[in-house]
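Enquirer: Sharing a structure with you now.
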Amino acid sequence: MEALLNQFSYGLFFWQFIILVIVIFILGKFAWKPIVEALEQREKSIDEALNKAELARQEMARLSAQNEDLMKQAREERDQILKEAKALKDNIVNEAKSQAQAEGAKLIEKARIEIENQKKAALAELKGQVSTLSLDIAERVLRTQLDDKAKQQELVNNLLKDVELN
């Protein structure tokens, strides 16, 4: 270290000091401002990015809340639609039951009328057979005994006993 102190030159020191001041001045004049501006721009862009990230986070929170609201509304609408569908189903089933009962009542009434008509037809046929039988009896009576009324009456009574009416 003493060797360095012995070789120390004030002239060289002075010129190095001047060159250093000139370099600092030139750097300050031409390089320092762009470097500081670049750093400030970088700081601003970082701040803007942080602000945008915060806005994006807030927007995501808002969208998430909105999505939850939409999901809740969709569930409510689904429940409402299911209730309406169930009510419609019950209404259709009840209507079908009442219609089936009405249809059954109509069929029963139709069958009753048909039975009544068949009964009337059977009675008419029976009356026709009775009248035919009566004519046959009358014909037999006339053939056997045209003169004797007592025998005719007895014959008619016997023939009527043979015929049973229900």
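The values are calculated or read from the model by the stated rules, or taken from the named source; none is laboratory data. All values reported here derive from a predicted model rather than from experimental measurement. In this analysis, Cβ positions are derived from the backbone assuming ideal geometry, glycine residues included, and neighbour counts consider all displayed protein chains. Protein only, heavy atoms only, side chains kept; ligands, DNA and RNA dropped before computing areas. Shrake-Rupley method; radii C 1.70, N 1.55, O 1.52, S 1.80 Å.
Enquirer: Determine the gain in length on full extension of the stretch N157-Q118; use 0.36 nm per residue of separation and subtract their C-alpha separation, reporting nm with one decimal.
Expert: Gain in length upon complete extension: 11.0 nm.
Enquirer: Positive end of the dipole of the range 34-136, charges at C-beta (+1 Lys, Arg; -1 Asp, Glu), about the Cα centre: which of L39, S134, M71 has its Cα farthest in that direction?
Expert: Farthest along the dipole direction, towards plus: S134.
Enquirer: Which value in deg cm²/dmol, rounded to the nearest 500, describes the helix-derived mean residue ellipticity at 222 nm for the chain, given -39,500 (n - 2.57) per DSSP H run of n ≥ 4 and division by the residue count?
Expert: -33000 deg cm²/dmol
Enquirer: State, to one decimal in nm, how far the label point of M71 lies from the label point of Y10, with both points 7 Å from Cα in the Cβ direction.
Expert: About 8.5 nm, to one decimal.
Enquirer: How big, in percent, is the set of alpha carbon pairs in the chain lying more than 23 Å apart?
Expert: It works out to 80 percent of all Cα pairs.
Enquirer: I would also like to ask the following. Project the alpha carbons of the range 60-141 onto their principal axes and report the range along each, largest first, in whole Å.
Expert: Cα extents, longest axis first: 117, 11, 6 Å.
Enquirer: In terms of Cα to Cα distance under 28 Å, which lysines are near enough to K127, apart from those fewer than 8 places away along the same chain?
Expert: Straight-line reach from K127, under 28 Å: K110, K119, K149, K151, K161.
Enquirer: Ok, one more. Starting from the Cα of D136, step 7 Å along the direction of its Cβ; do the same at E59; then give the gap between the two resulting points in nm.
Expert: Between D136 and E59, the simple spin-label model gives 11.0 nm.
Enquirer: Now for a different question. Please give the contour-minus-distance gain from R143 to E48: 0.36 nm per residue of separation, less the Cα-Cα distance, rounded to one decimal in nm.
Expert: Gain on extension, R143 to E48, equals 20.5 nm.
Enquirer: Further question: Compute the Rg/Rh shape ratio of the range 1-97: radius of gyration over Kirkwood radius, all on alpha-carbon atoms.
Expert: 1.79
Enquirer: Can I ask one more? Hey, can you list the DSSP H helices of the chain whose Cα span along the axis is 15 Å or longer and whose average Kyte-Doolittle score is at least -0.5?
Expert: 10-26
Enquirer: Tell me, what is the per residue accessible area of the range 34-161 in Å², probe radius 1.4 Å?
Expert: Ligands and nucleic acids excluded, the figure is 89 Å² per residue.
Enquirer: Continuing with this model, one more query. First check a/c for the range 1-54, with a ≥ b ≥ c the square roots of the eigenvalues of its C-alpha gyration tensor; if it is under 1.5, answer rounded, and if not, answer prolate when a/b is larger than b/c or oblate otherwise.
Expert: Since a/c reaches 1.5 but b/c is at least a/b, the shape of the range 1-54 is classed as oblate.
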